[in-house]
Each structure stands twice: as structure tokens, then as C-alpha cells.
Amino acid sequence: MFIDEARIRIKAGDGGNGCMAFRREKFVPRGGPSGGDGGHGGDILMSSSLSHNTLVHFRFNPEHKSERGGHGLGSNMSGAAGEPATLKVPVGTLLYDDNTGELIHDFARVDETIVIARGGRGGRGNQHFATSTHQAPREHELGRSGEERNYRLELRLLADAGLVGYPNVGKSTLISRISAARPKVANYAFTTLEPNLGVVSVGDWPHVNSFTVADLPGLIEGAHLGHGLGIQFLKHIERTSVVVHLVDVSDGSGRLDPVEDFKVITEELKSFDPALAKKPTVLVAAKADVADPAKLKKLTAMAKRRKIPLYTISAVTGEGIEPLKYAIADLVALHRPINLEPEPVAATKLKPHYPPPAPSSRGRG
């Protein structure tokens, strides 16, 4: 099940209460206050991981808590700190504050870790309240509450190239021919109901180049307004480096003008995000084995006028598949972000396991 959106509620651990106690030992007159501090509550962290590829584990488990801190004890013993909880998300996840809509973090790389809720501070024991004039204090602090947050998670696939086009133009068949992905292929519209990822390799060993391609569900006119599958999957193309636009040039599509098909889908991408229309585009005339010569000629003329590279393929017979793979690989290599190596992530600062030591001037009698 592909789940790309989820809402979660999190609660960091509360701090433990400070203790009120007095030291009573034989041969230790006037032992003074000895109440220990409460432990800090556990933080809640979020980390990106390659072991997850959807947000399904949050859809059915939306509430998460971390351990609270232990209460302080006598003999100046501090309570145990609560253990932090770490939530794993797929690479490509966007974390939003569900109340304000603010983007908190973009997990664009592997093993990025941030603190999304701080645990409460432990309360001080009565040992901290002793002074020269108040040597037997009975004051002590309660632990503070851990932070509570409501977040919205949104997953956007990280692919080098994205296949777009009208429903049933052959996107799923193409990705099944150029990669090991095995999406559902059938002769009806909206066969693909969720994005499919595939890894494509070109060249011979040891000079092998590879890139990832995403097969996105078919678009129709008005998709940016919610028609068809709407914008549910348009967001997944925002991170791609190259757009591979498939146009059906056969008579089986039921649409008469392939140029108009190209313009409609391009306009939908532009309406959703103007930056999508500026991405490098490869135009593919699909179903060449049953192509209408007039449609193919009209699409070729348009591509030539706009200086868009056009490749004629048949995913059924394999015609034109290899040149297309190499063309996409070259374009991806040219426009892929330069910084491919993960940036060093600063060490995440967690709460200390024990409260800081008490001041030296406790004023014990």
C-alpha cells in the first residue's frame, strides 16, 4: 500500500518530579536536605531511512510518545532520564507543522536526524533551595511537561526522471521494459493508481550508468483542479531532474490531435508548479507499431519547432527503447544536482541523562 501523506500527534516525555528528603544517618547530625532532581523526559527524534518507502506505518499508528523521566530520590539521587524515541521516515519526506502549515524540515538525504519534540526538564529537589538562613527547605519542583506537537508528513519520490502523459499512453509498459519494475499493465485508463519506481541501467560493465525513473498515474485536463487523480501524484514529479512526456500517436487513444495532448498535459504541469514546465523534457511518440502517420508527422513538426528531442518507440516490440534510455541517461547526468554526496549532519543534541550537578554553595548547616 503506497501512502504518501499522514498526520501524527507526538508527546515528548514529561520531566520527573524533584524529591523532598532529608539526610538522616547515624553520626551525621544536621544532615540537611537531600532530595534528588527528577530526570529529564525523553525527546522525540525523526530520522530519514532507506528501509522505508511509504508512510503507511504512520497512517495506522498516528500517536507517538517517549518515556517520561524518573522522579528524584533521597540521598541526592537523581531520577533516570527518559529514553528518546526515534521515528523513521522515507527519504524525500517533508515535515510540516499541522497547525501553522510551516515547513519544519525536508528529509532530502539519508540518515538526517532532527529533534521534533523536546522532553520536559526534571524538577529540582529540595537540596537546591538550602541557604544559610533556610537550612531545612521543603520546597521542591515538579517536572515540566514535554512538548506536544501535531505534524503533517508528505512524501515526494526522489526520482531522476518522471514519466507523464494521458492515461493509457504506455507509461507502465515502458517502465517495465527499461527496468525491473513490474507495474500493472492493462488496456484501460487509470490502470496505475500509485507511482512506481524503477532503476534503469545503460552501458556495458564497467562503464555502467544508472538512473531512477518514476511512472506516475495518468493526468487529464483539469488535474491541477482535482480532476481525475488530481494533484495527488503531481507533487511526485517536483523532485525529478527530467520529464519524459509520452504521447499516443495511434488511433486507439480516441484523441485526434497529439500536439493538443502535449499542450494540455504541459499546461497542467505549469498550473500546478510553473517550475515543472521549465524542466528538461524528452518527448516520446508511443505505440509506434500502430502509429497513425499523420499524427506522428504533426508531432514531429511540433517537436522540431520547439527544439524538443523526440523519440519514437514501441514498448511492445522494443523499437527505439535503447536510444531513449541513453538519451534520458545523458540528460539526467547533465541536469542532476551536483551535490550527490550526503551533507554531514550536525550531531543531534539530546537532553543529558542526568540533571547538572547542584551548586557548590548549598548552605548546609
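The values are calculated or read from the model by the stated rules, or taken from the named source; none is laboratory data. Because the structure is a prediction, the values reported are computed rather than measured. Cβ: placed from backbone, ideal geometry, glycine included. Neighbour counts: every protein chain shown. Protein only, heavy atoms only, side chains kept; ligands, DNA and RNA dropped before computing areas. Shrake-Rupley method; radii C 1.70, N 1.55, O 1.52, S 1.80 Å.
Test of understanding: among ARG121, ARG138, ARG109, which residue is under 18 Å from GLY69 (Cα atoms) and out of contact with any Leu (no Cβ under 9 Å at 6 or more places or on another chain)? Step through it out loud before you land on a result.
Values: ARG138 fails: under 18 Å from GLY69 (Cα atoms); ARG109 fails: under 18 Å from GLY69 (Cα atoms).
Going through ARG121, ARG138, ARG109 in turn, the sole match is ARG121.
From the list LYS295, LYS325, LYS279, the lone residue that is closer than 16 Å to ILE175 by Cα, of a type in the set (Lys, Arg) and open to solvent by less than 60 Å² (accessible area, probe 1.4 Å) is LYS325. In region 151-172, the residues that are open to solvent by less than 10 Å² (accessible area, probe 1.4 Å) form Cβ pairs under 8 Å with partners that are assigned to a helix (DSSP H, G or I) and among the basic types (Lys, Arg), at six or more places apart or across chains, as follows: LEU163/LYS171; VAL164/LYS171; GLY165/LYS171. Residue count for region 24-60 satisfying the condition of being part of a loop (DSSP other than H, G, I, E, B) and at pLDDT 90 or above: 10.
Just give me the residues in region 168-202 being at pLDDT 80 or above and assigned to a loop (DSSP other than H, G, I, E, B), in sequence order. Even if it seems obvious, please write down each step before you answer.
In the first step, residues of region 168-202 are kept if they are at pLDDT 80 or above; the result is 168-179, 199-202.
Those that are at pLDDT 80 or above and assigned to a loop (DSSP other than H, G, I, E, B): ASN168, VAL169, GLY170, SER179.
So is LEU334 modelled with pLDDT of 85 or more, exposed (fewer than 14 other Cβ atoms within 10 Å of the Cβ) and assigned to a helix (DSSP H, G or I) or not? So LEU334 fits the description; yes. The residues of region 137-161 that are modelled with pLDDT of 90 or more and part of a loop (DSSP other than H, G, I, E, B), listed by number, are PRO137, ARG138, GLU139, HIS140, GLU141, LEU142, GLY143, ARG144, SER145, GLY146, GLU147.
Annotation note: Cβ proximity below 6 Å between a residue of region 65-92 that is closer than 15 Å to CYS19 by Cβ and open to solvent by less than 20 Å² (accessible area, probe 1.4 Å) and a residue that is of a type in the set (A, V, I, L, M) and assigned to a loop (DSSP other than H, G, I, E, B) (sequence gap 6+ or interchain) occurs for GLY69/ALA81. Of all residues in region 12-34, those satisfying the criterion of being open to solvent by less than 40 Å² (accessible area, probe 1.4 Å) and closer than 28 Å to LYS65 by Cα are ALA12, GLY13, GLY15, GLY16, GLY18, CYS19.
Any chance you could count how many residues in region 35-52 are open to solvent by 80 Å² or more (accessible area, probe 1.4 Å) and either without any contact (Cβ under 8 Å) to a residue 40 or more places away in the chain or among the aromatic types (Phe, Trp, Tyr) (or both)? It would help to see each step written out before you state the result.
Pass one, region 35-52, residues open to solvent by 80 Å² or more (accessible area, probe 1.4 Å): 50-51.
Within this subset, residues satisfying the condition of being either without any contact (Cβ under 8 Å) to a residue 40 or more places away in the chain or among the aromatic types (Phe, Trp, Tyr) (or both) are 51.
Residues in region 35-52 being open to solvent by 80 Å² or more (accessible area, probe 1.4 Å) and either without any contact (Cβ under 8 Å) to a residue 40 or more places away in the chain or among the aromatic types (Phe, Trp, Tyr) (or both): 1 in total.
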